[in-house]
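Have a look at the structure below, then the notes.
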Amino acid sequence: MDYFLTEEQQMIVDLARQITDELIIPQRAALDESEEYPTAILDAVAQADLFGLYIPEEYGGFGAGTFEIVLALEQFGRGCVGVATSFAASALGAFPILIAGSDEMKKKYMPDIAAGKKRAAFGLTEANAGSDASGIQTTAVLDGNEWVLNGTKQWITNAGEAKIYTIIAITDKNKGPRGASMFLLEDTDPGFSYGIKEKKLGIRASATRELIFKDCRIPKDRLIGRQGTGFITVMKTLDKSRPGIAILGVGLGQAAIDESVTYAKQRVQFGKPIIAFQAIQHMLADMAIQVEAARALVYAAAKHIDAHPKDMSKASSMCKVFATDVAMKVTVDAVQVLGGYGYMRDYPVEKMMRDAKILQIYEGTNQIQRNVVGQELNKEYTRAS
Ligand code: COS
């Protein structure tokens, strides 16, 4: 369907499509097998200037919005969700700085992130704080001119690969979510180390490790925003980033359709290509309908967020739930269309099915997203009555 993109937006799609077709798709199976971080591909993305898409021009970027980053991520997601996640996680790590950081902090750190010279990562999750984000136990205590951090962050994408980390820690344990603050860490900070790389079901090209802080000392001015505003910054960050996860589901779903239709046209059973059977045609039709509906919703949500940055939550959570549930369904169906071949690693759809699962879990489970939508509806109708 035609979404009437501007010339500039079409250029972003074309650039991301070229990187996807020429670099990501040819390497995705090998990266999945070796679980290797896609440094060379991300360097090519940096050379194409796509890391700076969403970053304001005054900080070295292009000043585009959520919609434009969604357009690029759709292509990367079509190629490999593991590679795309490594790219998206840098934006996730950078958002807290853009949302709450001082002008000085932005000037110091954003140009390198925009140029793709330094990748970023975001540290929220801990062993006992997943969906319950305010249950974090990592602490930060002010000692003279330095913050001293202690604790462990778990399952952090880009950990060990990024140079810049935005993490949330408790600065006042008696204040609940209002006692948490956001900090910027550099990979070289003393007392900061990483856990071993996790072995995952899917998105195996992405790197997932713990961040470990043992009396980690950072300068006082690495506090992002005001003390006690960390939880709000995290919530805003996730509101802004979730359309990026949603669109990975759209790109992945599209890739599953492409593989399924191509296969169904070639595979002959009972004397004809299986696409001639209505059972298969209806499956393919449902896949196409669902992915197009997901695309339309994610595009609309991204445009809404760009136009109404103070009203992101409902649109963001809605599109994350819908598009990632679609991705799961469509990739399972793609394996079914390809049958025994689909289950083998010779074809890409089994990887697509494995990759799809994380989309329903990370950056807030789809159960939490439904809670958010429900709570927003409750607020809206309370205001209206
Ligand atoms: N934007 C701005 N502020 C927000 C907000 C948002 N989207 N969501 C909540 N807040 C504010 C609330 O207004 C409240 O502020 P006050 O202290 O002024 O009242 C504060 O944050 C606490 O909100 P709430 O009571 O709703 O927090 P909960 O502890 O109940 O948690 C959920 C809310 C479940 C939505 C949150 O914990 C969450 O998003 N969990 C999922 C975390 C996640 O995505 N993890 C994935 C790993 S990160 S890659």
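Residues checked against (1) crowded, with 16+ Cβ neighbours inside 10 Å; (2) of a type outside the set (Ser, Thr, Tyr); (3) without any contact (Cβ under 8 Å) to a residue 60 or more places away in the chain:
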{"site": "PHE95", "(1), (2), (3)": "yes, yes, no"}
{"site": "LYS118", "(1), (2), (3)": "yes, yes, yes"}
{"site": "VAL141", "(1), (2), (3)": "no, yes, yes"}
{"site": "TRP147", "(1), (2), (3)": "yes, yes, no"}
{"site": "ALA159", "(1), (2), (3)": "yes, yes, yes"}
{"site": "ILE167", "(1), (2), (3)": "yes, yes, yes"}
{"site": "THR171", "(1), (2), (3)": "yes, no, yes"}
{"site": "THR188", "(1), (2), (3)": "no, no, yes"}
{"site": "ALA205", "(1), (2), (3)": "yes, yes, no"}
Would you check if PRO96 is at pLDDT below 95 and either out of contact with any helix residue (DSSP H, G or I) (no Cβ under 8 Å at 6 or more places or on another chain) or within 16 Å of the ligand (Cβ to nearest atom) (or both)?
no
Of the numbered conditions (1) touching a residue at least 60 places away in the same chain (Cβ under 8 Å); (2) under 30 Å from ARG345 (Cβ atoms); (3) surrounded by fewer than 21 Cβ atoms within 10 Å (Cβ to Cβ), ALA44 satisfies every one except a single condition; which is it?
(1)
Going residue by residue through the range 355-362, is there one that turns out to be over 21 Å from ARG295 (Cβ atoms), more than 19 Å from the chain's Cα centre (by Cα), assigned to a loop (DSSP other than H, G, I, E, B) and within 13 Å of the ligand (Cβ to nearest atom)?
no
Would you tally the residues in the range 116-126 being within 13 Å of the ligand (Cβ to nearest atom) and outside any strand (DSSP E or B)?
2
Does VAL349 fit the bill of being within 14 Å of the ligand (Cβ to nearest atom), in contact with a helix residue (DSSP H, G or I) (Cβ under 6 Å, 6 or more places away or on another chain) and not basic (Lys, Arg)?
no
Of ARG178, ARG209, which residue is touching a residue at least 12 places away in the same chain (Cβ under 8 Å) and either out of contact with any strand residue (DSSP E or B) (no Cβ under 8 Å at 6 or more places or on another chain) or among the hydrophobic types (A, V, I, L, M, F, W, C) (or both)?
ARG178
Across (1) within 11 Å of the ligand (Cβ to nearest atom); (2) among the aromatic types (Phe, Trp, Tyr); (3) without any contact (Cβ under 8 Å) to a residue 12 or more places away in the chain, TYR343 clears everything bar (1)
Out of (1) assigned to a helix (DSSP H, G or I); (2) out of contact with any Pro (no Cβ under 8 Å at 6 or more places or on another chain), the one LEU149 does not meet is (1)
Exactly one condition in (1) in contact with a Pro (Cβ under 9 Å, 6 or more places away or on another chain); (2) near the ligand (Cβ under 10 Å from one of its atoms); (3) farther than 15 Å from THR233 by Cα is false for TRP155; which is it?
(1)
Would you confirm whether or not the range 107-114 contains a residue that is among the acidic types (Asp, Glu) and more than 16 Å from LEU223 (Cβ to Cβ)?
yes
So is LEU248 more than 16 Å from the ligand (Cβ to nearest atom), under 28 Å from ALA293 (Cα atoms) and either touching a Cys at 6+ places or on another chain (Cβ under 6 Å) or in a helix (DSSP H, G or I) (or both) or not?
no
How about the range 51-66: which of its residues are farther than 20 Å from LYS303 by Cα and either among the charged types (D, E, K, R) or outside any helix (DSSP H, G or I) (or both)?
GLU58, GLY60
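The values are calculated or read from the model by the stated rules, or taken from the named source; none is laboratory data. Since we're looking at a predicted model, the values are computed, not measured. Counting neighbours? That spans all protein chains shown, and the Cβs are built from the backbone with ideal geometry, glycine included.
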